[in-house]
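Working notes, beginning with the structure itself.
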Amino acid sequence: MKIKKIEMQGFKSFVDKTALHFPKGITAIVGPNGCGKSNIVDAIRWVLGEQNARHLRGKLMEDVIFTGSETRKPIGMAEVILTLSNEEGLAPAEYVNFTEIEVARKLFRSGESEYYINKVDARLRDVVELFTDTGIGTRAYSIVEQGQVGWLITAKPEERRIIFEEAAGINKYRHRKEAALRKLEATKENLTRVSDIISEVNRQLNSLNRQAKKAERYKILRDELKGIELFMAKEEYSRLKNNMEATENNLGSLKERDMEITSAISTKQSEIEDIRIKYLNEESLLKEIKSKAFSIVNSIQTSEQDIEISRIRAAELKKNEERLRQETEDLTAQNERVSGEIEDLNRNIADISVIINAGETQLSERENVLISVLEKLSQQDRDLKEKKALFADTAARLMQIRNSMQFYSREEELIKLKSERAEKEKNEIEALISSKGKAVDELSTKIREAEYKKQDIEKIEETVTGRIKALEQTLAQKDSEQKVIKENLTVTSSRLSTLKELERNFEGFKEGVKAIMQNRKDGIRDIVADIIETSSEYEKAVEAAVGEKLQYIIVDGQNDGILAVEYLRENAMGRGSFVPLNGINSTAPAPDASVANALPILNLVKVKEGYSHIADYLLGNVIVTDNLKSAVETWNTNAGNRTIVTMNGDVIDLHGVITGGTSGLKDSGILQKKREIKESSVLISDMEHKIAGLDAEINNIKKEMDDAQKVFETLKADRHSKDIELVNLDGVFKREESELNRLKERMNILEFETDEAKRHFSEICSKRGELVKEAESLEVSGSKTETFIKTIEEEVMVLLKEKESLQNIVTDIKVSLASSRERLDGMRLKETEKEEFIEKVSRQTDAKMLEIEKGGREISTHESNILKTQREIEELLKEKDAISREDVIKEETINALAQEIKSLEDRIRASKQELDVLRADINAASLALKEMELNITHLLARVEEKYHIHIDIHIPSEETKLMGDEAITARHEELKRQIESLGEVSMSALEEYAELERRQQFLLDQQSDLNKSVETLHKAINRINRTTRQRFRETFDAINTKFQEVFPVFFPGGRAELRLTDDGDILESGIDIAAQPSGKRLQNISLLSGGEKAMTATALIFSIFLIKPSPFCLLDEVDAPLDDANIGRFNEFLKEMTRKSQFLLITHNKGTMEIADTLFGITMEEAGVSKVVSVKLN
């Protein structure tokens, strides 16, 4: 895998995108110190996966990103792409079919790093594995940097071993051994943990055994405590119910009193409202009177103010009249003075006008003469410019023609030369186009084939993906369905278990029935409830019809019934009723089946075989109707011989007694419980079958999904392989196609250039002949034009002198006229200003006279208004006195109404105080009632939460009923003390104990498996050690032999050898180098000179290359310490090695540069930025 190309961007000093193409043979990289040559070595090492920034001559990995310069800003990313040739097919199996392998690495300033292999995301591990045991890597002998030659000499023997391991190809074994050791260590740790856990589990088993025994004792005490606590709760429930009834009665009487007082208060408040309406009406009238009085006072004040204002205004108007008369007299005097000044100005204007007319006549005569001269001069000037321009154009054209003729001569020579070169290049390109076209067609065919295969894979992959999604949806649906069924199964099983427990314990049955059935003896058959079944809609009717007879016990004969009664009496276990199976006397008449709206109840029940005569006894005279109203109608029309029940459980007996309502308990029917047990059992069986079926379906779906997923992964891997193949083929195709297009474009350009050259040559010959004729004609006309120009120039000089004399005369006349016109304009302006002033004074005089007249009229108006207003004020004062008397009367009426309102409000306040006391009592009674309700609710909730049973359902045992309150309390406390003395009890101890036993067995199995794993790992490590020992010994001996052959090449007459520091432990042994240059004793390499050390290290590296050649070798200034003689030997050996490997050299030595096939020059034209210049040497 030789290096074909490296691309760098943002890496150290290579800020711009830089690409270096490395051909086969020796490539030398040269340039001044500090220009960035070694950065290329760092880039190769970095892209191969180097993780230590110090090996890249930095402190942090971010140091490889361009940090900026004086002229450039820092950038945020470094990227290196290394392209390797795989034409020999030496890459790992995964990449053996690729002709090129592209490895890329990116680093962002944020610290994120990315790796790519053939433009596909990869891990660092993938990059390392790609180059493992190939001689390529960050620590391999294929890269020898500055100072590494010295390191090879000065390194410890154990450190020197690294390059020998790489050459031996045992790195992968070393990695496997390290992985196996890590697994072994982890397995041992797991084994220790499992042993610790087993010890802990054994300890827990002992503890749980004790807890299980304690749980049994706790269960017995708890059941007894439950019975006592339920009895106490029921007694408390009854007491609270009685207290609630008393409190409710008291609350009713208090509320009645509250209504009486509230009604009285409402009546008084209505009276107050009537009085307040009168009060408001009177108050409104009073406000109107006061408002009218206030309005009159305001009118009087306003009139008085108007009088005062009129008097002040009349005085001001008289003063203003005097001022205006004085100003009018002043304006008249100014008018007379300005009229005299205007007459003097008119006389001066007439004199100046005469002078101006005479000057204008003289100026017109002189200007006409000057215009005639200027026209002649302008005509001569135009003629002169035209002739000069014509002469200049002629001269310029002649010069242009001479230059063009010289240019056309040179063009003819160039066209001939270009045509010859173009023909030669066309022949070469035609051959290249033919070969490239074939290559592009072949690549295009390969790409289409690969795309078709990829499309086929994608279609199959799409189908498989759709199948997986469909299976996932089906699996989710089945899981959801199974989950719902399991939840329902749990609920139903729990309910069934509860019902069976109740049935086994005969909950809800009388104490005597429970005692007989729990201690069943010979002759005892069933309970009546066990022999009758009906549908759910008729359960209430049947239970109501049979009533307590459902708890009758069926016995074989009357003697069995007698024995059972005696047993109950002797043991004080309550009472019971017993029905002899063969001795029952059923005399009940069968009901008439034709009764309207009714059915015989026997038609609605199913009776256990052998018990039909008992059913006739119990239900023979019972019929069923829809509702109580219908039952009453039926009884009235068919009375006397039957019992009637309704669907809701209401009963009308033979005598017309109606029994009905509700028991207040939910699900309390015995028949209902038995039906529910039967239905739940069937339902549970169905659900279990469904769950088993769903389990099978789910397992099948999962298996199918696993198979589909395996197919999908295989297809994904195939598609990925095709993607990589397409990327490589596409890259090659684009390069070949681009080259072919470039050649075709070049061919078109050459053909176009050839045609253009021929056409251009013909045009040049034609143009040169035309230019010769034109030049002869222009020389003749230019001579004539030059003579005409001289004649016109002489005439122009005479006209210029005459023009200058006339211009001076005209200027003097214009100055004199301008001065006279300026004086005339000034006088006329003054005359206009004086006339405007006179007009303005006249307008001001007229305005002031009008203002005097207006003031006189206004004074008369104000004096008449004063007299009128004084008469109005007198009338308003009389009206004000009358309104004041009416105001006093209204205030007395309002005060009387206010006193009456206050008296009523006092009586309402007293009633409200009584009402507040009463409502406080009501609130206290309501609060007490609420508290009782809350206590009952809490009591029921507490019992329901603790024992999952309603208080009303619970039937206390006879023993508990016979105990006194003190005995019950004492026993309750004793049971609590006994339970507390047991301490904390785990009711799940038995289940936990079994679970822990299963866990113990599982852990013991795990322990056995881990011991087997440890043994297997030891065997694997021993195999790796054997293989590593063998390979290292073979490689070491081969390199040592080759080193003994190569060393004399560099040191003629000398000898050297490699030695293991510990032959007994070859896996860890270091390597020493002993060298003996010619004429010296065999000694350790550290005693040699600097040049000798460098040559010895070089000999060792070449020896390794001869045994295990690396695809390429990068040497960074390895030849620096060598003299000219040793440089020659080094270069000769290097040339021989190029047959096996590609060499990249960084050097300053001219001798080394001479043997290079390609030279790359690194420069820094811009500070801090490296630039590449390449030269290919033949």
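So the values come out like this:
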{"read-out": "Hey, residue 1042 of a type outside the set (S, T, N, Q), at pLDDT 80 or above, surrounded by fewer than 16 Cβ atoms within 10 Å (Cβ to Cβ) and assigned to a helix (DSSP H, G or I) or not", "value": "no"}
{"read-out": "Test set (1) outside any loop (DSSP other than H, G, I, E, B); (2) over 18 Å from residue 1159 (Cβ atoms); (3) in contact (Cβ under 8 Å) with a residue 60 or more places away in the chain; (4) not aliphatic (A, V, I, L, M) - residue 38 fails condition number", "value": "(2)"}
{"read-out": "Test: residue 899 is part of a helix (DSSP H, G or I) and without any contact (Cβ under 8 Å) to a residue 24 or more places away in the chain", "value": "yes"}
{"read-out": "Filter pass, residue 373 being farther than 23 Å from residue 832 by Cα, surrounded by 14 or more Cβ atoms within 10 Å (Cβ to Cβ) and of a type in the set (Val, Ile, Thr)", "value": "yes"}
{"read-out": "Residue match in the stretch 257-275 (condition: under 30 Å from residue 885 (Cα atoms), in contact with a Lys or Arg (Cβ under 7 Å, 6 or more places away or on another chain) and either basic (Lys, Arg) or surrounded by 14 or more Cβ atoms within 10 Å (Cβ to Cβ) (or both))", "value": "no"}
{"read-out": "Check on residue 468, modelled with pLDDT under 85, surrounded by 12 or more Cβ atoms within 10 Å (Cβ to Cβ) and in contact with a Phe, Trp or Tyr (Cβ under 7 Å, 6 or more places away or on another chain)", "value": "no"}
{"read-out": "Failed item, numbered, when residue 7 is tested on (1) touching a residue at least 60 places away in the same chain (Cβ under 8 Å); (2) surrounded by fewer than 17 Cβ atoms within 10 Å (Cβ to Cβ)", "value": "(2)"}
{"read-out": "Restricting the stretch 53-97 to residues that are among the acidic types (Asp, Glu) and not in a strand (DSSP E or B), the residue that is surrounded by the fewest Cβ atoms within 10 Å (Cβ to Cβ)", "value": "70"}
{"read-out": "Residue in the stretch 1142-1164 that is among the small types (Gly, Ala, Ser), touching a helix residue (DSSP H, G or I) at 6+ places or on another chain (Cβ under 8 Å) and surrounded by 16 or more Cβ atoms within 10 Å (Cβ to Cβ) present", "value": "no"}
{"read-out": "Tally, over the stretch 781-798, of residues that are surrounded by 11 or more Cβ atoms within 10 Å (Cβ to Cβ), among the β-branched types (Val, Ile, Thr) and under 18 Å from residue 393 (Cα atoms)", "value": "2"}
{"read-out": "Near pairs, Cβ below 6 angstrom, 6+ apart or cross-chain, from the stretch 484-511 (on the phi > 0 side of the Ramachandran plot) to any residue that is at pLDDT 75 or above", "value": "506/514; 506/517"}
{"read-out": "Residue identified as within 30 Å of residue 943 (Cα to Cα) and of a type in the set (Ser, Thr, Tyr) among 267, 247", "value": "247"}
{"read-out": "Out of 199, 195, sole residue that is exposed (fewer than 12 other Cβ atoms within 10 Å of the Cβ) and either modelled with pLDDT under 80 or not basic (Lys, Arg) (or both)", "value": "199"}
{"read-out": "Tabulated pairs, the stretch 554-571, first not assigned by TED's automatic domain parsing to the domain that holds residue 618, second modelled with pLDDT under 85 and not aliphatic (A, V, I, L, M), C-beta under 9 angstrom, 6+ apart or interchain", "value": "none"}
{"read-out": "Residue in the stretch 98-114 that is surrounded by the most Cβ atoms within 10 Å (Cβ to Cβ), counting only those that are in contact (Cβ under 8 Å) with a residue 40 or more places away in the chain and under 21 Å from residue 5 (Cα atoms)", "value": "105"}
{"read-out": "Conditions (1) modelled with pLDDT of 80 or more; (2) out of contact with any strand residue (DSSP E or B) (no Cβ under 9 Å at 6 or more places or on another chain); (3) not aliphatic (A, V, I, L, M): number failed by residue 1130", "value": "(1)"}
{"read-out": "Candidates 966, 984, 980, 991, filtered to the one that is exposed (fewer than 13 other Cβ atoms within 10 Å of the Cβ) and at pLDDT 75 or above", "value": "966"}
{"read-out": "Residue 1097, sole failed condition from (1) assigned to a loop (DSSP other than H, G, I, E, B); (2) surrounded by 15 or more Cβ atoms within 10 Å (Cβ to Cβ)", "value": "(1)"}
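Condition check ((1) surrounded by 11 or more Cβ atoms within 10 Å (Cβ to Cβ); (2) without any contact (Cβ under 8 Å) to a residue 60 or more places away in the chain; (3) closer than 24 Å to residue 812 by Cα) across all residues:
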{"site": "325", "(1), (2), (3)": "yes, no, no"}
{"site": "332", "(1), (2), (3)": "yes, no, no"}
{"site": "335", "(1), (2), (3)": "yes, no, no"}
{"site": "349", "(1), (2), (3)": "yes, no, yes"}
{"site": "354", "(1), (2), (3)": "no, yes, yes"}
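The values are calculated or read from the model by the stated rules, or taken from the named source; none is laboratory data. Values in this document were obtained by computation on a predicted structure and should not be read as measured data. Please note: Cβ atoms are built from the backbone with ideal geometry, for glycine as well, and neighbour counts cover all protein chains shown.
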